[in-house]
Structure formats: structure tokens, C-alpha cells
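The structure follows.
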Amino acid sequence: MMNDSYARSERQLSAAARAMLSFTAAFTPGILLFGVLALKNGYLAAVSFALLVLFVIGCQKLELLRQLRTEAFGRGKKMTAVFALLFAACAPFFLSDDPYTLHILIMAGIYCVLALGLNYQVGSAGIPNLGFAAFYAVGAYASSLLATAFHLPFFLTILIAPFIAAFFGLLVGFPALKTRAYHLALVSIAFGLVIYILLNNLEFTGGPNGVKDIPPPVLLGRSFIQPLILFGREFPMQLNFYFLTLVVLCVSLLIGNLLYNSKVGLFWNAIRDDEIASKCSGIDTSKAKLLAFAVGAFFAGIAGGLYAHYVGYISPENFTMNISLVVLGMVILGGMDNTAGVVAGAFILSIAPEKFRAFADYRMIATGLAILLMLYFRPKGLFPQKLRTYGFLPNKTVSGERRGDE
Amino acid sequence: MKNSLLQIRNLTMKFGGLTAMDSVSFELTEDRILALIGPNGAGKTTLFNVVSGIYAPTSGDILFKGTPINGLPPHEIARMGIKRTFQQSRLCESLSVLDNVLTGLGASSKSNFRKALFNRPLLKKELSAEIDQARELLGVFSRSMRDSCFRPVSDLPPGERRKLEICRALVSDPAVLLLDEPAAGMDPEETLELMEDIRRISALKKGIGIVLIEHDMSIVRKIAEEVIVLSYGKIISTGSFAKVASDPLVQEAYLGNVENPS
Amino acid sequence: MILFFQTCLVAVTVSSMYTLVALGFTMYVGVINLANFSHGDTCVLASFLMMPLIVPLLGLNLSPAVTFAVVMGVSLVTLLLAGVWGSLFYKMLVRPLLNSPRLILLLATVAAGQVLREVIRVVYPNGSNPQVFPEILPFGGFLFGDLFLGYDVVIICGVSMVMIVLLNLLIKKTRLGLAMRAVSQNPDVSQTVGINLERTITLVFVIGSALAGIAGILNASYYGITKFDIGSNLGIKGFSAAVIGGLGDFNGAIVGGLILGFVETFSAVYIPDGSQYQNVFSFLAVIAFLIVRPRGVLGENVFEKV
């Protein structure tokens, strides 16, 4: 039985072997992804991509890799995450002559944060928000206007802006409480458009010209647009933003994980599946939905602030409905309420357009088709949500079953 | 003298021009099993929907342990101690068996958020205790559900789904349990098991008041201590099963006018 | 004073167009409880389908009577094509997802609308830019003192009135209408009484797309312009009108269209700098309605069936 083989394999593995598995699980996709991004030769990059896909599929299906799956992505999740973080921290140093790839990675990271935010609403709570770009915009504009008009430093504005975005999230959330699914979708679209029009026409937001000369972050006296000097070598300034984004992403992932493995995430899912039954079970669905709006918008606000101070210039065109749909696509493609899935979706939909520059004209068609295909064949996404096993709680045995098993 | 749990006084529910419930009054005391019967469309489920807060009554009062609850939102009524099951079992299909039971413990959401981010140790302690509590309850009704409580709900056979719904309702120790046609679609063997389960509920949760909507008279006859008959939204008879079954008004409601079949 | 009446006329025209779009939405929501977010893009599709057909024919400089016949003919062909699109849309996109959670289907229509929009932009030469739509509505009109009532305004309002009457007749007096009402109440049971579910829903999409076609053609001819991305805006306005008026009721489409049209037009004319913010006013009106009276003006208090 399942129990026996698990116990058997567990006895066989030493700590070192487990570490090796985690290392492999983290570094293999990492290196392959690196190959996709960094290799200039189109064919080699494609091969790298194919191997990456094979690895991902293999992990899920191949018997050979089953041990990898149960160990590295099961009990050893934390160690795998640490190795992944290590890889992410070291890899960019090999891209010192390729600031463009660094730029792609930074944008992918920002989109990850965005997608994680939308995931709270669409993935966890089942709220169809089609105007998410509005919160992204509020965060970006709030942060940049505070910086340009009041000369506040980035590390202060990036703390204020998300709260402003969260407030706007509540603004949408309240009418949303009284509305059914499609009414809600309509409200979200309308809100997104209202924000876009206001940004385009109000004077203090700069109108169609947006906000220029947004000051970059300054840490310990060094500005982020100055090249990074480490170990005596000079690295492109993107590296500064890369690490900033990496830190923000890690914190976002941590928060996402904490919320998912708690009553908050559980109740969101309950509301998504059956709102009436949830209400009659004692769940305050209104509060839970408002929370989803606020937290999701908060994340979007952070992403917006990051984006604004990285690119240095924002305009309403950066926050159109197309952006809302792309982020939505990331959640649908990657996996509704699966953190790893959402990250994967974000990476795919932000990297693919860069790699397929030649087909830029067809970008939105491809995104739309990808969403449609997903909705038909795999509505739960590439990485469907897994059942909660509460492995993070102290292990207890009842009738011989250990927590954390499938 | 047993304490009153639910007092329904002249409860009326109108949907536009349709009167689904007309001046319904009855009382549910502690440690009692009350059956609500009547032909289809008589307003039984509507009664449950009003008591559980899904609809606000057009007029009338509902008192829970002396406190008026009409007009309160469903989650507040549930937290006060009135839980229910549904005719078409409403479970969270994407969640596991255990998670479904845990949703029955829907305490305040605000502190949940703070706990999730800033007080992990407390969250872990509470969650562990709740999982134990949930598994123990599951074990009372179905050993297999308790042992494989991390499996998806979609794997469960219909009989187990009903038990799961009952567990979800019971896990918070409610004072009142409303069961909406729990025996629907069950064969005689499953029906016997259901009766055992209902007896188990009474034994397990001391003092609980159960209102049971049922069409299967074999259950009603054996389990119900009092029977209320609804027809076209009005109560037409109350009393023991024997008394109600022999009431000509009740027979007419179910079978139509025996002398002039329409 | 004249400005007021002139504004009223514009408002009524704008209202009529929103009403036409709203009618389609009402059908989808009413019969199968679907919010079809690609409806607006179907309107635009119709205008883009008509252009390559009508432009060469108009260039032949025919007599007014023949021109009229040609315009009618081409319009009908376009509507037919729109109907075909509706049928395909249903069979390929909607039907596979009818039994999935509603959220999935809603998102699918959103994605479908986006793909449609982009395909138009890519396929049509110079698709990213606004396209001039030929003048198929007659010039001139009635002059009441200083007040000018254009023929085009009369036609647009007239067509929307006619459509509402026809739709009401369809729903109340025909077998198809009866079938639609049955399906909207209970799709499964309606099959047991002999209603062909498949055919009924297909026709809903065919008629809905034809309605979108009418709205799209009239919209393009009134403004003289069409562009690949006005569909989302149009669709949202139409949906808003349907919601304000009360979803599920064709007459609600008129009420909603009027409210939306008047709010928008009057705010554009009478509020300084209003024209830029007119969409803001209409959307805020929608949001306000959804908070205060989500069932709409004419809608019934919907009790969710538990």
C-alpha cells in the first residue's frame, strides 16, 4: 500500500540524499529556465524550453521521478525553496552582460506579484475581477506622485501606496458584496475604465502624459540606477532592481503561503465553492470578500510602486484593460489558487511575448487563445490546486495514517 | 420544563404574490426531535430558509432562546447556534472531506487574518485542536471518512456525503439542527443507518433540538417525537405521528379529497 | 432652449443604440443566465463584415432607390453572417462549458471577445486605426423651427422600437418564445416536455448575434466610424443599460438605455469638460445602481433558489 512504500523509501533516505533531491528539484528547472532566457541561439533556447516542459511533466507523471516529487516538493518543500532562492540570488551574476534578460526577469517578478494579488480574488475567493489593472495603476501613481510631488523616498512611498490601493480595493469590494457574478464582473470592468479615464484626464495625474522622472530607490546613499559594484566588479544597474524584486516576491510568496494555510484561505475557497452553504456554516462571507479585495489590491499596489520606480515613467496606457486580461490569463493559465502555478503562469505570459518578439502583433490573440484553451481543457490551470494536507502542523497519527500523505 | 430553543410566531413569507408560508407558529424545545412533513411545495424548505436567515420573513417572529433573530444575516444565526443541511447536498466540491467539516467552524474572520500572518503558533494550536475535533466527529458517523479525511469530497458515495453535511453542521455544537430531507434518494439499508445517525446525534449532543423535513414516513414514525404538517404554507395538524397520520385533513392534503378526487 | 431639445434628441439616439445592444444581453441572461462579454465585439464584427461588402457597391453611384435596396440587402446578408457567427460561437465556445461553473463560462466569453477583437485588428488592413464607415443612413431631416431632427435619428430610434416590439411578440406569442421561457425557468425539465434545448439555445445565440449586428451597423453608420476596440466599450454600455433597466426584461432595455444615454449625453453637453468624463458619469451611475437597486428599475426582486 501507499503507506508501506512511503515508509520504506523514507527509511532509505538520509538527510544528505534528501538535500540532493531538493537541490536537483530547485536547480534543474532553474538552469533550464536560465537557458531559455539567456541563450542567444534560438534552437538551443527551444531545446532548453522543451527539456523544462519535459521535466515539469515528468515530475508529475513519471514513476522514476516520483521520489523526487514526494520528497523535494512534499516534505522537503522548505529546503527546495531555499535552494531555489539561492539559485535565483546567484544566477543573475551570470547575466552581467545581458541587462535585457535581467529586465525580463524583473518584469516577470512584478507580474508574479500582480498575479498573486489577483489570485486572492479570482483563484481563492472566486470573484471575477476584470479590472485589476486599476489597483496596479493606483499603486503606481500613488507611489510616483508621493515621490515627485512630496519628495518622499521610495522606501516610504512603497509602504504607503499599497494601502491606498487597498482602500480602492474596498471601494470596489463594497458594491461587489451586493452583486452576483456577472454584475460583479461588470462593476470591476466599469471601475477599471473609470480609473483609466480619470488618470487620462485629471491634471494632477499628468493626463495622457503621465508622470515622468520618477526618482529611483536610494539605499544607503546609493541610487538604484547606479551600477552595482560587488567583489570589485561592476554589474548593470538592473541587478539592483532584480534583488529588490526578488525580495518583494519572496515576501509575497510567504504571505500567500501563510494565508492559504489558514482559515482565511480555507474560507475563501468555501465561498468560491458554495456561498450559501458557507454563510449557513457561520462564515462571514462579506468580510471575507472584502478582505480578498483589500489584500489583492494591496499586492497590486506594491507591484505598481515597484514598476513605477523601476521604469521611471508611467502613463495611463500602462494600465489598460489589456493588462487586466493578461494578469487574469496568468492566474487561469497557471492555476487557480495554486501559488506555484500562478508564478508559473506569470513567468510564461510575461516571458513568452519577449521571446516571440517577431509575433508581437499576435500577442493578445495568443493570450486570449491560451486562456480559452485552458478554460476548456484544464480549467483548474496547468498546476491545479492541491488539497490541503496540513503538513505544517505537528504530525499526528490516527489509525496509522500520518498527516502529509496523499 | 424544558427550555425553549426556537419559537416561531405567525411567521409569514411572501415572494411577490406567492405566499409560501402563512402564519406558521410552533415551538422547539431542548432535546427534542420535531418532524416537518407535508406535500411538495408546502413551504417546508422555505421555513428552513427563513429560520436560517437566507430570506427575511415578510412578517412574524423567530425567537432563538428568547432572542429575536428574524432579519439577521445567515452567518450570525449560524454562529448563535442554528445549523442546517440542504436538500441537494451543498458541499465544497474542491475541498477535502476534513476541510468541509472545518468550514463549519466559521469563527470571526478578522482575527483569522491577524492570526494567519502574525500569530502562527496560536493558529497552529487552534487548527490542530479543530482538526482533532473534526476527525473525532467524523469517526462517530463514518470510520472511513475519518481515516481518509484528506481525500476529495468528490470521491464520496452519496450516503457518506449526507453524513459529511451533518458533521459540518454539528462540529460547532449547535443548539438547533435543521435537517432537510436527509433520507432523499436512500435505499432501506441507508435509511436505517440514517436513523441510527440521528439517534447518535441526540445522544452525542445533549439537549440538541432537531427539526427534520422528511417524506419517508418510516423514519418519521420511528424518530419524531412531534410532527407538524404543512400544506400550502399553513399548519394543518400537529401532534404525535399516530394522531397526525389519522387526521383526515392530513390525508386529504396528501391524497386529495377522497370523496371528490380532482 | 434649443440646445436642450437638441441634446434630448442626441440622448434619445444614443439611448436607442445602447438599448439595441442591451436587448442582446437580455436574451442571453434571460434564457441561459449567461453574461456574454463578447457581445459588444460581435457588434463591431458586424460593422467590419459589412464594410468590404457595401463600399464597392456604393461606389457604383446608383440611384437612391437602388442604393436603398442594396443597403438593405447587404445589411441582411451581414445580419445573416452575424447569425452564423452566433451559432458557431454557441456550438464551439459556449456549449462545451455549459455545465462548468458559471465563472468559467464568463471568463471564456471575455477571452473570446478579446480574441475576436484582435483577429479583426490583425486581419483587416490597417486594422489598428479607426475605419471610416460609409454613409448608409440618409442625409437630411425635419426642421422644426431651429430644431433639426435628422432622418438617421428617426431610423435608429425607429429600429430599436421595432426590435423591442418584435422581441416581445417573439417571447409572448411564438412557440420559440415559449420554449425560451421554459428553458429560462428550468432547462432540464423543459427537455422532458419536448422542447429541443439545443435548437432553442442555438436560436438564442443566432438572434442575439443578429441584434448585435443591427446595433453594430447602426452605431457605425451614425458615427461614421468604426474601430476594432470600440466593442468592449459598447458592450459594457449595453450591459450596463440592461442591468439598470432590469435584466431579463426586454422593456428594461429601453429604460436602462434611456437612463444611460441621457446621463451620458447631458453630462457631456452641460458639464464643463464633460465630454471627456462622460463615460465616468455613466459608469458611476451603473455602479450606483448596482449598489442601490441591483435588480434594476423593472426587474423583479430575485430570490435565489435555495
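The values are calculated or read from the model by the stated rules, or taken from the named source; none is laboratory data. Computed from a predicted structure; not experimentally measured. Neighbour counts are summed over all protein chains in view; Cβ atoms, including those assigned to glycine, are modelled from backbone coordinates with ideal geometry. Surface areas here come from the heavy atoms of the whole protein model, side chains and all, with no ligands, DNA or RNA. Shrake-Rupley method; radii C 1.70, N 1.55, O 1.52, S 1.80 Å.
Determine the sum of side-chain charges near A:ALA370: Lys and Arg each +1, Asp and Glu each -1, restricted to other residues whose C-beta is under 13 angstrom from that of A:ALA370.
+1
May I pose another question? List, in order, the whole-Hz ³J(HN,Hα) value for each residue of the stretch A:67-78 obtained from phi through the Karplus relation with A = 6.51, B = -1.76, C = 1.60 and θ = phi - 60°; use x for Gly and Pro.
4, 4, 5, 5, 7, 5, 9, x, 5, x, 3, 5
Also: Hey, can you grab everything whose amide H is under 5 Å from the amide H of A:MET237? Only 5+ residues off in sequence or another chain; H modelled, so Pro and N-termini drop out.
A:LEU228
In addition: Once ligands and nucleic acids are excluded and a 1.4 Å probe is used, how much of A:HIS103 is accessible, expressed in Å² to the nearest 10?
60
Restricting attention to the stretch C:95-200, which chymotrypsin sites (Phe, Trp or Tyr not before Pro) occupy a DSSP loop and are surrounded by at most 16 other Cβ atoms within 10 Å?
C:PHE139
Another question, if that's okay. Starting from the residue with the highest accessible area, list C:PHE262, A:PHE132 in decreasing order, probe 1.4 Å.
Correct descending sequence by accessible area is C:PHE262, A:PHE132.
Let me ask something additional. Pull out a ≥ b ≥ c, the square roots of the eigenvalues of the alpha-carbon gyration tensor of chain A, then state rounded if a/c is under 1.5, prolate if not and a/b is larger than b/c, and oblate in the remaining case.
Oblate is the answer for chain A, as a/c is 1.5 or above yet b/c matches or exceeds a/b.
How much of B:THR238 can a 1.4 Å solvent probe reach, expressed as accessible area in Å² and rounded to 10?
The accessible area comes out at roughly 60 Å².
For A:LEU219, list long-range residues whose amide hydrogen, built 1.01 Å from N in the peptide plane, is under 5 Å from its own amide hydrogen.
Excluding prolines and chain starts, which carry no amide H, the hits are A:PHE224.
In chain C, which helices (entire DSSP H runs) extend 18 Å or more along their own long axis, judged by Cα positions, while averaging at least 0.0 on the Kyte-Doolittle scale?
Counting only whole DSSP H runs, the qualifying helices are C:2-32, C:39-58, C:64-88, C:102-123, C:151-173, C:197-223, C:230-245, C:250-270, C:274-292.
Right, something else. Dividing the Cα radius of gyration by the Kirkwood radius, what Rg/Rh value follows for the stretch C:36-137?
Result for the stretch C:36-137 is an Rg/Rh of 1.08.
What distance in nm separates the simple spin-label points at B:ASP173 and A:ALA15, each placed 7 Å from Cα in the Cβ direction?
Result for the modelled spin labels: 4.3 nm.
If you don't mind, another one. List the chymotrypsin sites (Phe, Trp or Tyr not before Pro) in the stretch A:210-258 that DSSP assigns to loop (not H, G, I, E or B) and whose Cβ has at most 14 other Cβ atoms within 10 Å. Which are they?
Loop-located and lightly packed - A:PHE231.
Decide, for chain B, between rounded, prolate and oblate: order the square roots of the alpha carbon gyration tensor eigenvalues as a ≥ b ≥ c, take rounded if a/c falls under 1.5, and otherwise choose prolate if a/b is larger than b/c, else oblate.
It comes out prolate by the Cα gyration axes.
For the protein assembly as shown, what is the convex hull (Cα atoms) projected area averaged across all directions, in square nanometres?
Convex hull of Cα atoms, orientation-averaged projection: 47.3 nm².
If N is the number of residues in the stretch A:258-315, what value comes out of its Cα radius of gyration divided by 2.2 N^0.38 Å?
1.53
Another question about this same structure. Can you tell me the 0 to 90 degree angle between the C-alpha axis of helix B:109-118 and the longest principal axis of chain B, rounded to 10?
So the helix axis and the longest Cα principal axis differ by about 10 degrees.
With every protein chain kept in place and ligands, DNA and RNA left out, what is the accessible area per residue of the stretch A:216-300? Probe 1.4 Å, answer in Å².
That works out to 38 Å² per residue.
Decide, for the stretch A:200-320, between rounded, prolate and oblate: order the square roots of the alpha carbon gyration tensor eigenvalues as a ≥ b ≥ c, take rounded if a/c falls under 1.5, and otherwise choose prolate if a/b is larger than b/c, else oblate.
oblate
Hey, what do the phi angles of the stretch B:199-211 turn into as Karplus ³J(HN,Hα) couplings, whole Hz, using 6.51/-1.76/1.60 and θ = phi - 60°, x for Gly and Pro?
Going residue by residue, I get 4, 4, 4, 4, 5, 6, 9, 4, x, 6, x, 10, 10 Hz, with x marking Gly and Pro.
Let me check I've understood the local charge: for B:HIS215, count other residues with C-beta under 13 angstrom from its C-beta, Lys and Arg +1, Asp and Glu -1. What total comes out?
Net local charge, B:HIS215 excluded: -2.
Take the Cα of B:GLU190, step 7 Å along the line toward its Cβ, and report every residue of the stretch B:142-178 whose backbone nitrogen sits under 16 Å from that point.
Residues B:142, B:145, B:154-167 qualify, since their backbone N sits under 16 Å from the label point.
Around A:LYS289, what is the net charge, scoring Lys/Arg as +1 and Asp/Glu as -1 over all other residues with Cβ under 12 Å from its Cβ?
+2
While we're here: Would you calculate, for the protein assembly as shown, the mean residue ellipticity at 222 nm contributed by helices, counting each DSSP H stretch of 4 or more residues as -39,500 (n - 2.57) and dividing by all residues, to the nearest 500?
Dividing the helical sum by the residues of the protein assembly as shown leaves -20500 deg cm²/dmol.
Counting other Cβ atoms within 10 Å of each Cβ, which trypsin sites (Lys or Arg not before Pro) in the stretch C:73-157 have at most 16 and sit in a DSSP loop?
Answer in residue order: no site qualifies.
Now for a separate question. Looking only at GluC sites (Glu not before Pro) in DSSP loops with at most 15 other Cβ atoms within 10 Å, what is the longest site-free stretch of chain C?
C:136-299
Just to confirm the number: angle between the C-alpha axis of helix B:158-170 and the first principal axis of chain B, 0 to 90 degrees, nearest 10?
80
Which is the longest stretch in chain B that no exposed loop site breaks, taking sites as GluC sites (Glu not before Pro) with a DSSP loop state and at most 16 other Cβ atoms within 10 Å?
So the longest stretch without any such site is B:94-224.
Here's a follow-up. For the stretch A:335-341, what does the Karplus curve 6.51 cos²θ - 1.76 cosθ + 1.60, with θ = phi - 60°, yield as ³J(HN,Hα) per residue in whole Hz, taken in order and with x for Gly and Pro?
x, 6, 6, 9, 3, 4, x
Ranked by accessible surface with a 1.4 Å probe, highest first, in what order do C:ASP188, A:ASP274 come?
Largest to smallest exposure gives the sequence C:ASP188, A:ASP274.
Something else now. Students often get this wrong, so check it: of A:LYS263/A:LYS380; B:LYS2/B:LYS124; A:LYS263/B:LYS205; B:LYS44/B:LYS222; C:LYS172/C:LYS237, which have C-alpha atoms separated by over 29 Å?
Those over the limit are B:LYS2/B:LYS124.
Rounded to two decimals, what is Rg over Rh for chain C when you use alpha-carbon atoms and the Kirkwood radius?
Rg/Rh for chain C comes to 0.97.
Also, I was wondering about something else. How do A:GLU71, A:GLU63 stack up against each other in accessible area, from largest to smallest, with a 1.4 angstrom probe?
A:GLU63, A:GLU71
Whose amide H sits under 5 Å from the amide H of B:ARG84, counting only residues 5 or more places off or on another chain, with H placed in the peptide plane?
B:LEU178
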